[in-house]
Each structure stands twice: as structure tokens, then as C-alpha cells.
Amino acid sequence: MTTGLLEDKLASRALRMGLRAGVMALGVLALAACSHGPLHIKHHRARPGRLALPPTNVTTIGVNSYLWRASLDVLSFMPLIQSDSNGGVIVTDWYSNPSNPGERMKITVTILDKDLRSDALRVAASRQVNQGGTWVDAPVKAATVQQLEDVILTKARDLRRGTIQQ
């Protein structure tokens with residue numbers, strides 16, 4: 001997969017998720033404005049007609065489950081060689097886009113915390129190009145890694161919002 005195609009795919013996915021997140025945020029704000037007094041998320045209990053957001057530190061596994069599920073979902077098109085939910089590490093195998101077999105990528109995602117925070121996620125990418133039958137390391141644009149992190153974080157936030165209790 002060329003770096004440009006991967007960036008386009010990630011940018012398109014990030015835009016769609018960003019729009020969804022914006023619509024959801026407006027809905028949450030509208031519902032919060034209708035309540036009598038401030039919306040206390042941490043100690044708020046679900047009652048009919050009131051909004052209750054789930055906690056950001058859901059940890060039925062060793063790491064934040066929203067970040068874990070989002071990472072697996074975003075990387076679902078790549079073959080996995082390691083996934084350790086207790087340690088928070090996902091490593092993909094080399095992936096080549098069928099339309100560009102002369103280039104391949106490998107992604108490593110590390111979840112560092114039990115809270116849903118942007119600094120709890122680290123993404124590393126490796127890229128190789130085929131030169132004369134030999135795979136040679138090639139640079140990965142920093143924007144590609146940043147876009148992948150953004151897509152995973154947006155997906156994790158969407159998963160959290162999707163578990164709103166009524």
C-alpha cells in the first residue's frame with residue numbers, strides 16, 4: 001500500500017469519524033442543557049430521561065478496553081502476529097496492498113494506560129519497498145502515524161459514546 005493511499009484512507013476515515021463525533025457531541029450538549037443543574041458524569045447514576053456516560057477507564061482487560069477495541073477495529077484489514085490485551089500490545093504482520101505489491105507496512109500499537117487519553121496510545125509504523133527482490137527499509141511520514149493515532153482515538157471515543165446508558 002503506498003503511503004499516500006494509506007494516508008488517504010486514514011484521512012477519509014478520520015473525517016467520517018470526526019463528523020460523527022461532532023454530531024454526537026452536539027447531541028450530548030443539547031441533552032445536558034435540558035437537565036436541571038450540571039451534568040455530573042463521575043457520580044451520575046442513570047435515571048430515566050437523564051444521560052449517563054460510562055467511565056473512561058473501563059478495564060476488564062489489562063488496558064483501556066475502548067482503546068483496545070478501537071485499535072483492533074482500525075487494524076482489522078492487516079494480519080496480526082501478536083495481540084496481548086494485558087500488556088496492551090498489538091503487532092501486525094507485513095501488509096502489502098494488492099494494487100502496490102512493491103511496498104509493505106507493519107504497525108505496532110501500544111496502549112500505555114487504563115484511562116481513555118491521547119497520551120495512553122503509541123503507534124509505530126515500519127515501511128519497506130522491494131528493490132530488486134530485496135525488501136529495503138523506507139521512511140514513514142510522521143503524518144501517517146499521527147493520522148493513525150487520531151483515527152484510533154476517535155474510534156475509541158465513539159465506542160465510549162456508543163455505550164451511553166439511558
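Read-outs throughout are calculated quantities, based only on the coordinates presented, and are distinct from any laboratory measurement. Keep in mind that this is a model prediction, so the values were computed, not measured. Here Cβ is always computed from backbone atoms with ideal geometry, including for glycine, and neighbour counts include all displayed protein chains.
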Segments 139-146, 89-96, 66-73 sorted - mean Cβ within 10 Å per residue, highest first: 66-73, 89-96, 139-146
Over 12 Å, how big is the tail of the calculated P(r) for the range 122-166, in percent of all Cα pairs? 69 percent
